[in-house]
Amino acid sequence: MPGGSRHAPRSSQPRSGQQGPGRAVAGGSVDEGRIADVIRPVVAAAGMDLEAVRVSAAGRRRLLRVVVDSDGGVSLDDAATISRQLSAALDSVAVMGDFPYTLEVSSPGVDRPLTEPRHWRRAVGRLVQVTVTDTGDAGDSGSVVGRVVAADADGITLEVEGARRRFGYPALGAGAVQVEFGPPQPELGATRDGH
């Protein structure tokens, strides 16, 4: 990369992961939490959410994997743009240490667990499976499969066997998007924020 950069950015296929709580990497003192602190403002300024930061050894280099997402998804052009911006931010501080590294920017894959309200909001129209601890009026618990009709700050509405059911986030375990062959279903009369 021009300007003596110590890394080579690249975009990749979507990957899943969770952000680690300041994990250091063997072979040097690289703190994922410090890296996240450096790149989070850059990601936010681009209108995206930072979903994960992972550093691993890759021969004589390090591999820095950054997972970002947004309500509109992340295109290859978006990944390339944010990669350039992250490169500049990382090169301006010594957070990666003295070792050369490769930067990989991607979006979460379909296997990413739905754990945050923003994850559920982005899954509107998709078929999901989730374990619920209390289904409200029905008073039961267990695994539920349904299509996400709406997601807001308090919970989600699923269409389950033709009926709409509301679940608050405290009652939900991690959801999993079910792979379907074909496009996601329309939002069934609701917007992503539940209106």
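The values are calculated or read from the model by the stated rules, or taken from the named source; none is laboratory data. Keep in mind the model is a prediction, meaning the values are calculated, not measured. Note that each Cβ is placed from the backbone with ideal geometry, even for glycine, and that neighbours are counted across all protein chains shown. Surface areas here come from the heavy atoms of the whole protein model, side chains and all, with no ligands, DNA or RNA. Shrake-Rupley method; radii C 1.70, N 1.55, O 1.52, S 1.80 Å.
Checked against (1) under 27 Å from VAL177 (Cα atoms); (2) open to solvent by 20 Å² or more (accessible area, probe 1.4 Å), VAL68 meets all criteria but (2).
GLN13 falls short on exactly one of the conditions (1) modelled with pLDDT under 55; (2) in contact with a helix residue (DSSP H, G or I) (Cβ under 7 Å, 6 or more places away or on another chain), and that condition is (2). Flag: THR81 matches the condition of being among the hydroxyl-bearing types (Ser, Thr, Tyr) and part of a helix (DSSP H, G or I).
Close contacts from the range 64-86, counting a first residue that is in contact (Cβ under 8 Å) with a residue 40 or more places away in the chain and over 24 Å from PRO113 (Cβ atoms) and a second that is loosely packed, with under 14 Cβ neighbours inside 10 Å and among the aromatic types (Phe, Trp, Tyr), with Cβ to Cβ under 6 Å and a gap of 6+ residues or different chains, come to none at all. Residues in the range 87-102 that are over 15 Å from ARG40 (Cβ atoms) and not in a helix (DSSP H, G or I): ALA94, MET96, GLY97, ASP98, PHE99, PRO100, TYR101, THR102. Taking the range 26-67 as the range and being modelled with pLDDT under 85 and under 14 Å from PRO100 (Cα atoms) as the test, the residues that pass are GLY27, GLY28, SER29, VAL30, ALA58, GLY59, ARG60.
Checked against the criterion of being modelled with pLDDT of 90 or more, of a type outside the set (Val, Ile, Thr) and either open to solvent by less than 20 Å² (accessible area, probe 1.4 Å) or touching a strand residue (DSSP E or B) at 6+ places or on another chain (Cβ under 8 Å) (or both), the candidates SER106, SER141, SER75 yield just one match: SER106.
On the basis of being crowded, with 16+ Cβ neighbours inside 10 Å and either modelled with pLDDT of 85 or more or under 15 Å from ASP71 (Cα atoms) (or both), does ARG121 make the cut? The answer is yes for ARG121. If I ask for residues that are of a type in the set (A, V, I, L, M) and loosely packed, with under 15 Cβ neighbours inside 10 Å, which ones from the range 109-118 would you list? Selection gives VAL110 alone.
Out of the residues in the range 153-165 that are surrounded by fewer than 16 Cβ atoms within 10 Å (Cβ to Cβ) and in a strand (DSSP E or B), which is farthest from the chain's Cα centre (by Cα)? Filtering first and then ranking leaves ALA163. Please tell me if GLY97 is out of contact with any Phe, Trp or Tyr (no Cβ under 9 Å at 6 or more places or on another chain) and open to solvent by 20 Å² or more (accessible area, probe 1.4 Å). Criteria met by GLY97.
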